Amino acid sequence: MGLFDRFRRKPRPGVLRTASGQDTSHLEQWTKSRHGVEAYVEPKTTVTETTVVLVAHDGEWTRRRVASPDAARSFARKLGMPIYDAGIVGYPKRMRDYTARKKASGDL
């Protein structure tokens, strides 16, 4: 590590960013401001750490990093929401419909 590496704003290329308290806080606030929220865990890849996608009743969604699949399950259990493995069950149609509506209206 170089003398000024700790002052860099962006992480170095090839270094994965891990989940932070801000990620968890965002997920909690997002869940509390919507209803019918379900969680979908996405596995760690070579590009990203484990993530969780929250999908509301109307298909609105958000994605953030989590520490592990177990952390995602614990988070969902704490907030009383169902949780699924996105690699097994896929994403709900309402999520895809919401994204399509946003693209059509020019919001994305």
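The values are calculated or read from the model by the stated rules, or taken from the named source; none is laboratory data. Source: prediction; values computed, not measured. Glycine also receives a Cβ, built like all others from the backbone with ideal geometry; neighbour counts cover every protein chain displayed. Accessible surface areas use protein heavy atoms only, side chains included; no ligands, DNA or RNA. Shrake-Rupley method; radii C 1.70, N 1.55, O 1.52, S 1.80 Å.
Can you name the residue in segment 50-72 that is polar (S, T, N, Q) and assigned to a loop (DSSP other than H, G, I, E, B) and is also surrounded by the most Cβ atoms within 10 Å (Cβ to Cβ) among such residues?
Filtering segment 50-72 for residues polar (S, T, N, Q) gives 50-51, 62, 68.
Of the ones still in play, those that are also assigned to a loop (DSSP other than H, G, I, E, B) are 50, 68.
Numbers: 50: 19, 68: 13.
The extreme case among them is 50.
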Given (1) within 17 Å of residue 26 (Cα to Cα); (2) part of a loop (DSSP other than H, G, I, E, B), residue 75 misses just (2)
Tally of residues being surrounded by 12 or more Cβ atoms within 10 Å (Cβ to Cβ) and at pLDDT below 95 across segment 29-49:
4
Restricting attention to segment 86-108, which residues are open to solvent by 70 Å² or more (accessible area, probe 1.4 Å) and not in a loop (DSSP other than H, G, I, E, B)?
88, 89, 93, 96, 101, 103, 104, 105
Would you confirm whether any residue within segment 2-23 is touching a strand residue (DSSP E or B) at 6+ places or on another chain (Cβ under 7 Å) and at pLDDT 90 or above?
no
